[in-house]
Amino acid sequence: MNPTACLLVIGNEILSGRTQDVNVQYIARRLSETGITLSEVRIIPDIRAVIVRNVTDARAAYDNVFTTGGIGPTHDDITSACVAESFGVPWVHHPETFRELEAHFAPGEFNAARQRMATMPQGAVPIRNTVSVAPGFSIGNVHVMAGVPRIMRAMFDAVLPTLTHGTPVTSQAWHVNGLYEGTLAARLEAIQHLYPGIDIGSYPYRLDETRRGVCLLCKGTDAQAVSAAAQAVRDMIVSFGFEPHAGEPDRP
C-alpha cells in the first residue's frame, strides 16, 4: 500500500469565493508521481478550534498531512499556532529562522508582525522557501506551507523528497467524439469489475459543437493492469462503432 496523505486548505478567502485555490491540483499531481495517495482534501476556515480539530484528526488518520494558508504576518494567520496546540507544544520563536528573516529585511523593517513568521511549534523543522525566505515547517507527519501558489510550490518541492515514497501511479486515457456515458455505462462497469485494482473514470467533455463526447481514464500503480484495462476500454469504444483517440482531449 502506498503512503496516504490529507490536504487541509485553510482560509476564509477560499470558502468565500474571493480566491480560487490552484494548489490542490499541483499537490495531487506531484504526490501521484511519487506514489503517495492523496486520500482527502478539506477546505476549512481561519477558526482556531476548527483548524486544531482537523489537524489532530488528520494526522492520526493519514501518513502525511499538508496544510496551505495562514502562516503570514497578519492577525488572521493562525495556522502555525493551531498546529502547536494540536501537538500540545509551545509556539515559540525559531532562532535560526529569526536570524535569517532579520538579515533579510532592511534595518527597522523586521517588525513584530514579520517576527510572527519566525514563530513555530517547538521542535518543528523549517521547510525552506527559496521565493520569499519565510519558511514553512514540518512537525511529526504534518507539513505546513504557505497559500500563495508560487511560494507553496517551493515549499512543497523542498519537503517532498524527504517523505517515504510508494509506487508511482500510471495512467492511460482514450477520448471519443460522439459517444456518451449513457450508452457505454453498463459496458464500462463490466470492465471495472474485471480490473478492480484499477481506477477507471469517465469524464464528459464539450469543446464545441463537433467535439463533444467522453474521456475514459484508467490509472493505478500496476502498469501492466492499467495497460490491459485501457485496451479493454479501447476495444469497447470500437465495438460501438466509434474511433478512440489516445490521451485526453485538447482543450482551448
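Phi-derived couplings, Karplus 6.51 cos²θ - 1.76 cosθ + 1.60 at θ = phi - 60°, listed residue by residue for region 221-230: 8, 9, 4, 5, 5, 4, 5, 5, 5, 5 Hz, with x used for Gly and Pro. In the calculated pair-distance distribution of region 1-118, the portion above 25 angstrom amounts to 34 percent of the Cα-Cα pairs. Taking region 185-252 on its own, what percent of its Cα-Cα pair distances exceed 20 Å? That tail contains 28 percent of the Cα-Cα pairs.
When Rg and Dmax are taken over the Cα atoms of region 123-252, they come to 20.4, 62 Å. Compute a Gaussian network model of the chain, connecting alpha carbons closer than 10 Å, and tell me which residue from G140, G11, G166 fluctuates the most. In the Gaussian network model the winner is G140.
Values of log10 I(q)/I(0) for region 70-161 across q = 0.25 Å⁻¹ run -1.42, by the Debye formula with one identical scatterer at each alpha carbon and no solvent. Close amide H contacts of I43 (hydrogens built in the peptide plane, cut-off under 5 Å, sequence separation of 5 or more or a different chain): V9.
Once you have a ≥ b ≥ c as the square roots of the Cα gyration tensor eigenvalues for region 20-63, tell me rounded if a/c is under 1.5, and otherwise prolate or oblate according to whether a/b is larger than b/c. Because a/c hits 1.5 or more and a/b fails to exceed b/c, region 20-63 counts as oblate. Shown here: region 139-190, whose C-alpha atoms stretch 49, 26, 16 Å along the first, second and third principal axes, sorted largest to smallest.
In this entry, the chain is assigned a mean projected area of 16.2 nm², taken as a quarter of its C-alpha convex hull surface.
Values quoted throughout were computed directly from the atomic coordinates according to the rules given, and no laboratory measurement underlies them. This structure is a prediction, so every number in the text was calculated from the model and none was measured.
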